[in-house]
Amino acid sequence: MKRFLLIPLILQLSGVALFAETTKTIIIENNLDNPLYYLYLSPVSEREWGDDRLGDGLLDPGTTIEIDFDYDEGKPLFNLMAEDEMEKAYKIEEINMNEINFISISPEDFLPFGGFNPVRRDLTFTNNTGEAIYYLYVSSHDSMYWGEDLLGDEILYDSSSITLEVPVDGDYPNNDIMAESESNSSYELPNQNMLENDNFTFTEDEMTSSGEDYDYEDYDDYDAESDDYLEGYRDGFKEAWKEAYSQGFNDAMEE
């Protein structure tokens with residue numbers, strides 16, 4: 001009887017040792033030519049990236065940052081996602097935190113549009129907004145950036161459709177779609193599964209911002225030749241960009 005009771009006790013004690021929470025410090029290096037604006041670490045079992053590890057800071061080229069975090073030693077595999085100022089994403093998958101203390105993000109980690117397992121899909125986009133669409137973007141639901149315009153020189157006129165070949169990540173097929181019109185209004189279709197659906201329609205109901213909200217005269221009173229202005233503009237742009245996307249990301253996580 002004692003032997004029978006001892007076995008589960010040993011297993012429980014072993015389980016505590018094998019799956020104990022631990023705090024680890026890792027060093028992450030930016031081995032790119034551009035500064036990194038966002039950095040995420042998430043267990044491979046999670047579908048969300050969680051908080052930006054850089055906070056209000058940046059990770060400049062050739063520099064490192066130390067990050068402390070808690071994780072389960074029994075589930076040591078993590079994915080890393082980083083995004084730079086050029087709207088490019090870099091991803092390192094299945095990092096074993098039990099085995100490493102240093103991670104270098106390099107150009108080889110660039111995440112192409114469509115992910116590492118792209119499935120080429122013919123997708124049809126229809127415009128029923130009442131105005132012409134000049135720009136069309138498709139971005140991973142996990143990404144902070146919209147990427148490149150898919151229309152190029154094409155214009156998607158009202159009451160018309162266009163079919164485009166789009167690479168869809170076979171592992172993470174949910175994407176956000178945004179269109180921008182001739183009036184600078186934006187229309188969004190969030191969290192669309194592009195493996196299950198191949199037709200997407202923009203209507204007035206999908207408008208998220210109107211071109212009438214912007215007063216472009218506010219941007220006329222500057223000296224474009226001033227070095228001080230250009231430096232101040234870049235600094236201000238970085239601050240506003242980071243703050244706006246951080247707030248948008250946090251709002252999205254709360255929904």
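Every number here is computed from the coordinates shown, using simple stated rules; none is lab data. Please read all numbers here as calculations on a predicted model, not as lab measurements. Cβ: placed from backbone, ideal geometry, glycine included. Neighbour counts: every protein chain shown.
With the cut-off at 1.5 for a/c, could you classify region 62-124 from its C-alpha gyration tensor as rounded, prolate or oblate? Oblate, because a/c is 1.5 or more while a/b does not exceed b/c. In terms of its alpha-carbon gyration tensor, region 93-183 comes out prolate; a/c meets the 1.5 threshold, and the first ratio a/b outweighs b/c.
Could you tell me the calculated FRET efficiency between T124 and F69, based on Cβ-Cβ distance and R0 = 35 angstrom, to the nearest 0.05? With R0 = 35 Å, the Cβ-Cβ based efficiency is 0.25. Other residues lying with their Cβ under 15 Å from the Cβ of E108 contribute a combined charge of -3, Lys and Arg counting +1, Asp and Glu -1.
A simple packing score, the average count of other Cβ atoms within 10 Å per residue, orders the peptides 175-186, 36-47 as 175-186, 36-47, with the highest score first. The peptide list 166-174, 151-159, put in order of mean Cβ contacts within 10 Å with the highest first, becomes 166-174, 151-159.
Using 1/(1 + (r/R0)^6) with R0 = 22 angstrom and r between the beta carbons of E48 and M86, what's the FRET efficiency to the nearest 0.05? For R0 = 22 Å, the calculated efficiency reads 0.35. Taking Cβ atoms as reference points and 11 Å as the exclusive limit, the residues near Y157 contribute a net charge of -4, counting Lys and Arg as +1 and Asp and Glu as -1.
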